[in-house]
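J.: What follows is a single structure, and I will ask about it in a moment.
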Amino acid sequence: LPIVLLTARTDREALIEGWEAGADEFLFKPFHPKELVARVRSLLRACRDRKRAEEDLLEAEERVTTLEHKRMEDALQESENTIRALLETAGQGILAIDLKGTIVLANRMTNEMFGYAPDELIGQPHDMLVPILFRKRHVAYRDEFMAHPRTRAMGIGLELDAVRKDGSTFPIEVSLSTVTGSSGPLAVAFVTDITVRKQAEKALRSSEREMRSLAASLLSIQDEERRRIARDLHDDTTQRLALLSIEMGKAAAQIPEWAGSAGLRCRELQNEVIRISDDIRRLSHGLHPSVIEDLGLSAALEELGQEFASAHGVRVHVDAAVGDPGVSAATASSLYRITQEALQNVARHSRATEVFIGLCTKAGSLQLLISDNGVGFAAEAMPGSSGLGIVSMRERARLVQGTLSITSQPDHGTQVIASVPLRRKV
C-alpha cells in the first residue's frame, strides 16, 4: 500500500527523512480532507498501473524464455539429427563404450560389419566382438586405456581380430579416442574392416616371393649359361683357333718366296686369328673369371679394376686385401657380379675420372664399396633404378642374405655398398 506522510515541516531535511522512512507522498499541514483523498486515489492508481506493468513485463519475459528454450531445443534436436546422420552414413564402424565396457552407441556400419540388427548391440558387453581367445587380454587393454585415456590414430599398428555374430573372424584396424558424456567418460572406437587389404598384402607377398624365386632362378641360369659358354669358348673355340694359327704358320712357311705377297697375307691372317683368340679369351674370362676360383675374390677385383681402367681411361684404386675372410663361392660370385654391374653404370652414366673399389670386414659382415667422383644424381632420378641392372644387383645381394644400398648427390658422385654376412667357404 502507498504511504502518505502527514507533516508540518517543509524543510529539505524533513523531506529527506520522510523519503528514507518509506513515504510515497507528503501532505503538509494544514490540509483539506479532499486533498488527502485525492492524493491517496492517485497513489492507488499509480500502484495498480505499476503492478499491471510488472505483470505484463513478467509475462513478456516468460514468453521470451519459452521461445528461447524452444529455439535451443530445436537447435539441439537439429544438431542431434545431424550427428546421427553423420554416424549412420560414416564409412567406418563407430562404437562408444562406457567404463564398464558396455556398448552405448553403434552406428549402421558397425552393425553391418559385425552382422547385427540395428540397436542389437546397445547394452551388450563390447568384448562379445572379440574372439574368445583374446577377450581376457582385451579387457585388460580396455581398463588400461580408460585409466589413461589418449587419442590413438588409425594406422599405427593397432590391428586386431574381431568376431561376427555368426562366429566368423576377420581383421580390423582400430583408432581410439575419448569423450565425456552425461554419464561419464566414454571410449570411442573407429573400426575399419581390413580384410581386403590383408588379402592384397598376402597376394603381394606371394607375388614378391614368386618374383624373387624367378629372379634367383634367372640369375642362376644366367650364371650357369655364362660358365657353359665360357667353358666352350675356352675349351673348344680357342683351342681350334690356336690349331688354325699353327697350321697357318706352317702353311706360310711352305709358301715359296717367288709367290710374293701370298706368304705375307698368310702371316697377316695368322696374326688376326691370334687377336681373335685373345678377344675370345677375354670374353670367356668376363663371362666366368676363373681367377675367382683360382686366386679368390680380392685378386679378381684387382684384375677387374685394372681391366676397367685400361678399357675406359679411368683411374681405379682397389683396396681389397682382406686376407681370408671365409667367403663362400656364392658370395664371391655375387660380389664380383655386383662390382661388374656398378662399373658398367659408371661407364654409362657417371662421367667419372676416378673410381674406388674397397673390400673389408665389419661386424661379422663382408662389405663391398664401389664409389666414383662422377656427376651423381638425385635420389628420384636414379639411372636404371627399375631396369635389370639395379634389380640384379639387389637380387644378387639378397640371394646371399645381404643388402645393397646406393647413395648419390648431384655433382658428388655415387656410392654402392653391398654388405654380406660372412660364412665359411662352401
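The values are calculated or read from the model by the stated rules, or taken from the named source; none is laboratory data. From a predicted model like this one, the values you see are computed outputs, not experimental measurements. Don't worry about glycine lacking a Cβ; one is built from the backbone with ideal geometry, like all the others, and counts go over all protein chains shown.
J.: For region 147-167, which positions are modelled with pLDDT of 75 or more and either of a type in the set (A, V, I, L, M, F, W, C) or touching a Cys at 6+ places or on another chain (Cβ under 8 Å) (or both)?
T.: 147, 160, 162, 163
J.: When the residues of region 374-415 are filtered to those that are crowded, with 19+ Cβ neighbours inside 10 Å and in contact with a Gly (Cβ under 7 Å, 6 or more places away or on another chain), which remaining residue is modelled with the lowest pLDDT?
T.: 390
J.: Sticking with this one: Might you let me know whether region 208-229 holds any residue that is of a type in the set (S, T, N, Q), surrounded by 15 or more Cβ atoms within 10 Å (Cβ to Cβ) and free of Cβ contacts under 8 Å to residues at least 60 places away in the same chain? Full working, then the answer.
T.: Applying the first criterion (of a type in the set (S, T, N, Q)) to region 208-229 yields 213, 217, 220, 222.
Now restrict to residues that are surrounded by 15 or more Cβ atoms within 10 Å (Cβ to Cβ): none.
Among the residues of region 208-229, not one is of a type in the set (S, T, N, Q), surrounded by 15 or more Cβ atoms within 10 Å (Cβ to Cβ) and free of Cβ contacts under 8 Å to residues at least 60 places away in the same chain, which makes the answer no.
J.: Report every pair of residues separated by at least 6 positions or lying on different chains whose Cβ atoms are under 6 Å apart, first residue within region 330-348 and assigned by TED's automatic domain parsing to the domain that holds residue 391, second of a type in the set (Asp, Glu).
T.: Partner pairs satisfying both residue conditions: 346/372.
J.: Follow-up question, since we're still on this one. Restricting to region 70-125, give me the number of residues that are polar (S, T, N, Q), touching a residue at least 60 places away in the same chain (Cβ under 8 Å) and part of a helix (DSSP H, G or I).
T.: 1
J.: Scanning for something surrounded by 12 or more Cβ atoms within 10 Å (Cβ to Cβ) and polar (S, T, N, Q), does region 240-256 turn up at least one residue?
T.: yes
J.: Can I ask one more? I'd like to know if region 280-298 contains one or more residues that are aliphatic (A, V, I, L, M), assigned to a loop (DSSP other than H, G, I, E, B) and closer than 28 Å to residue 372 by Cα.
T.: Step one: list which residues in region 280-298 are aliphatic (A, V, I, L, M), which gives 280, 283, 287, 291-292, 295, 297.
Right, trim to assigned to a loop (DSSP other than H, G, I, E, B) and you get none.
Checking region 280-298: not a single residue is aliphatic (A, V, I, L, M), assigned to a loop (DSSP other than H, G, I, E, B) and closer than 28 Å to residue 372 by Cα.
J.: For region 173-192, what are the residues that are in contact with a strand residue (DSSP E or B) (Cβ under 6 Å, 6 or more places away or on another chain) and in contact (Cβ under 8 Å) with a residue 40 or more places away in the chain?
T.: At the first step, the residues of region 173-192 found to be in contact with a strand residue (DSSP E or B) (Cβ under 6 Å, 6 or more places away or on another chain) are 173-179, 185-192.
Passing the criteria: 179, 185, 186, 187, 188, 189, 190, 191, 192.
J.: Residue under question is residue 349, and the condition is that it be at pLDDT 85 or above and assigned to a loop (DSSP other than H, G, I, E, B); does it hold?
T.: On the way: at pLDDT 85 or above: yes; assigned to a loop (DSSP other than H, G, I, E, B): no.
The answer is no for residue 349.
J.: Confirm whether residue 66 is assigned to a helix (DSSP H, G or I) and farther than 21 Å from residue 172 by Cβ.
T.: Details: assigned to a helix (DSSP H, G or I): yes; farther than 21 Å from residue 172 by Cβ: yes.
Here the answer is yes, as residue 66 does meet what is asked.
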